[in-house]
1. Pairs only if they're at least six apart or on different chains, beta carbon under 8 angstrom, first in segment 220-239 and exposed (fewer than 15 other Cβ atoms within 10 Å of the Cβ), second among the polar types (S, T, N, Q) and in a strand (DSSP E or B); list them, first residue then second.
2. Hey, can you tell me all the residues within segment 181-232 that are under 17 Å from Ala166 (Cβ atoms), within 23 Å of the chain's Cα centre (by Cα), in a loop (DSSP other than H, G, I, E, B) and not acidic (Asp, Glu)?
3. Quick check on my filter: what residues within segment 148-180 are within 18 Å of Thr203 (Cα to Cα) and assigned to a loop (DSSP other than H, G, I, E, B)?
4. For segment 58-105, which positions are small (Gly, Ala, Ser) and touching a residue at least 24 places away in the same chain (Cβ under 8 Å)?
5. Select from segment 146-176 the residues that are surrounded by 20 or more Cβ atoms within 10 Å (Cβ to Cβ) and in contact with a Gly (Cβ under 9 Å, 6 or more places away or on another chain) and write down the one among them that is farthest from Ser132 (Cα to Cα).
6. Could you check how many residues of segment 121-171 are farther than 24 Å from Tyr87 by Cα and among the basic types (Lys, Arg)?
7. How many of the residues making up segment 200-239 are within 14 Å of Asp177 (Cβ to Cβ) and either in contact with a Pro (Cβ under 6 Å, 6 or more places away or on another chain) or polar (S, T, N, Q) (or both)?
8. Would you confirm, using the coordinates I've provided, whether Lys237 is at pLDDT 95 or above, over 21 Å from Leu69 (Cβ atoms) and either over 24 Å from the mean Cα position of the chain (by Cα) or not in a loop (DSSP other than H, G, I, E, B) (or both)?
Amino acid sequence: MSKKTKIWLIIATFFIVIGASIFASAMTINNWDFTKLATTVKYKTNRQIDDKFSNILIETDTEDIVFALSQNGKCEVVCYEEENVYYSAEVVDETLTIKQIDERNWYEYVGITMGKSDIIVYLPENEYKNLSIRESTGDINIPKDFKFKNIDISISTGDIKNSASADIIKIKTDTGDVKLDKCDAKEIFVKTDTGDVTGSFLTPKVFITKTDTGDIDVPKSIRGGRCEIETETGDIKFN
């Protein structure tokens, strides 16, 4: 190693040590509260929906979506927003429509965001017609309390857990696991590039499965609804 290289390494190490010391001092002063490093903070908002609806449409970017049965008989949408990134929640043509509205300038995308990113949808009824979710990154959880005519979910990255029943369940994800836990449907279509597809059904299914790299373990049945599952990298296991 040349003398010049050694000098540069010593200088680089010096600045790293100084930077680490400054960071440690700042965090000690703030009792190691990382939220104080945030340049933007998310705030909790609660929107009550008074209009009746039979369908649900959600289009978001990077939030976890959770459904829950309302305890007061009213529809409420609880989400976490920042100054220029917020959500609209309204009923349009009998459809509860939840969309993210991003009004940030390009330079506002650089920074540290602290706070939750959940969207919790409290539903007053047990049965609805169509549920459609389009999302980039985030997990989705639909409990067994609900039944839909159709469930159609498409996300890029995230895990999906569904325990609700429907006539057609259609799920597509690029990266993430899909778990269908004790739910049911006449027809089921699941496609994922990278992720496992697992779970259990309440009635027999005729499985049509395909995986490029992964194990397949499903019941062998010649009766029941159609269940078509395809994954490039991942296991397919049902009971």
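The values are calculated or read from the model by the stated rules, or taken from the named source; none is laboratory data. Everything numeric in this text was worked out from a predicted model, so none of it was measured. Methodologically, a virtual Cβ is constructed for each residue, glycine included, from the backbone with ideal geometry; neighbour enumeration extends over all protein chains shown.
1. Thr233/Thr194; Thr233/Thr211; Thr233/Thr213; Asn239/Ser200
2. Result: Ala185, single match.
3. Once the filter is applied, which keeps residues that are within 18 Å of Thr203 (Cα to Cα) and assigned to a loop (DSSP other than H, G, I, E, B), segment 148-180 yields Ser163, Ala164, Ala166, Asp167.
4. We begin by selecting, within segment 58-105, every residue small (Gly, Ala, Ser); these are 68, 70, 73, 88-89.
Correct list: Ala68, Ser70, Gly73, Ala89.
5. Applying the filter and picking the extreme gives Gly176.
6. Residues flagged as farther than 24 Å from Tyr87 by Cα and among the basic types (Lys, Arg) within segment 121-171 amount to 4.
7. 3
8. Details: at pLDDT 95 or above: yes; over 21 Å from Leu69 (Cβ atoms): yes; either over 24 Å from the mean Cα position of the chain (by Cα) or not in a loop (DSSP other than H, G, I, E, B) (or both): yes.
So Lys237 fits the description; yes.
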